[in-house]
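Encoded as structure tokens, the structure appears first; notes follow it.
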Amino acid sequence: MSQQAEQEKPLKVELVEERFFFVRHGQTDANLAELAAGAGWDIELNATGLAQARALAESNAIEHLAMVKTICVSPMIRARQTAEIINEVIKAPVVVIEELKEWYLGEWERRSWHELDFRIGNPPGGENNEEFAERVGKGLTLALTHPGPVLIVAHGGVWHRVARHLMLPYGEIDNCQLKHLHRPHKDEAWNLL
């Protein structure tokens, strides 16, 4: 084939579908009591939270997670416990990512959610909103550099920041709720399935 014919040949664009998953940890006593538990309170799952993680691991949703190549998890115990239970079924390598920790709430830690006013912005003595957003964005980027699809196991506040970073609707995420994210190509936007 001549050089000119080679240059005129249409470029074949390879579509590489991408996906990842996000799970919020199971219930803790802080969740049950509606107390703020950020990065400053490393609380374990309660009996309900352990049961929620087992239920997810035994549910039909686990079929989607069978394709997971890496689990990226917050270093906090509630997230690690959730990931360990899910990983009893999917058996993927686990990577701890510091940047996936929950928002550090400073003086708001262990206080009732009903007492807190998020309209004022940053928690006194805690991590400011911009720092938290930047940290979570870095954590997401790090997670997605691992062989995928990736399962991220983290926190409600982290999910809000991930969703905002990816320009998704960032509503609530329940304990042990699974979010499935997909894009048809790396240059396209992420969507919730």
Next on the checklist: Please determine whether any residue of region 44-55 is in a loop (DSSP other than H, G, I, E, B), at pLDDT 95 or above and in contact with an Asp or Glu (Cβ under 7 Å, 6 or more places away or on another chain).
Outcome noted: yes
Checklist outcome for this item: A careful count of residues in region 57-76 that are loosely packed, with under 15 Cβ neighbours inside 10 Å and hydrophobic (A, V, I, L, M, F, W, C) gives 2
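In region 126-149, how many residues are over 14 Å from residue 162 (Cα atoms) and surrounded by 16 or more Cβ atoms within 10 Å (Cβ to Cβ)?
Going residue by residue through region 126-149, those that are over 14 Å from residue 162 (Cα atoms) are 126-128, 145-149.
With surrounded by 16 or more Cβ atoms within 10 Å (Cβ to Cβ) added as a condition, the list becomes 126-127, 146, 148-149.
Residues flagged as over 14 Å from residue 162 (Cα atoms) and surrounded by 16 or more Cβ atoms within 10 Å (Cβ to Cβ) within region 126-149 amount to 5.
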Checklist outcome for this item: Counted residues in region 155-180 being outside any helix (DSSP H, G or I) and either buried (at least 18 other Cβ atoms within 10 Å of the Cβ) or touching a residue at least 12 places away in the same chain (Cβ under 8 Å) (or both) come to 14
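Each row is one residue, and each column tells you yes or no for (1) within 13 Å of the chain's Cα centre (by Cα); (2) closer than 27 Å to residue 20 by Cα.
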position: 57; (1), (2): no, yes
position: 68; (1), (2): no, yes
position: 72; (1), (2): yes, yes
position: 88; (1), (2): no, yes
position: 98; (1), (2): yes, yes
position: 121; (1), (2): no, no
position: 140; (1), (2): yes, yes
Checklist entry - Among 44, 99, which is the only one that is under 23 Å from residue 147 (Cβ atoms) and without any contact (Cβ under 8 Å) to a residue 60 or more places away in the chain? => result 99
Item to check | Within region 58-112, considering residues that are in a loop (DSSP other than H, G, I, E, B) and among the β-branched types (Val, Ile, Thr), the one nearest to residue 136 (Cα to Cα) | outcome: 97
Checklist entry - List pairs: first in region 53-69 and closer than 25 Å to residue 145 by Cβ, second in a helix (DSSP H, G or I) and of a type outside the set (A, V, I, L, M, F, W, C), Cβ under 8 Å, 6+ apart or cross-chain? => result none
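The values are calculated or read from the model by the stated rules, or taken from the named source; none is laboratory data. For clarity, every value in this text was computed on a predicted model and none was experimentally measured. Virtual Cβ from ideal backbone geometry, glycine too; neighbours counted across all protein chains shown.
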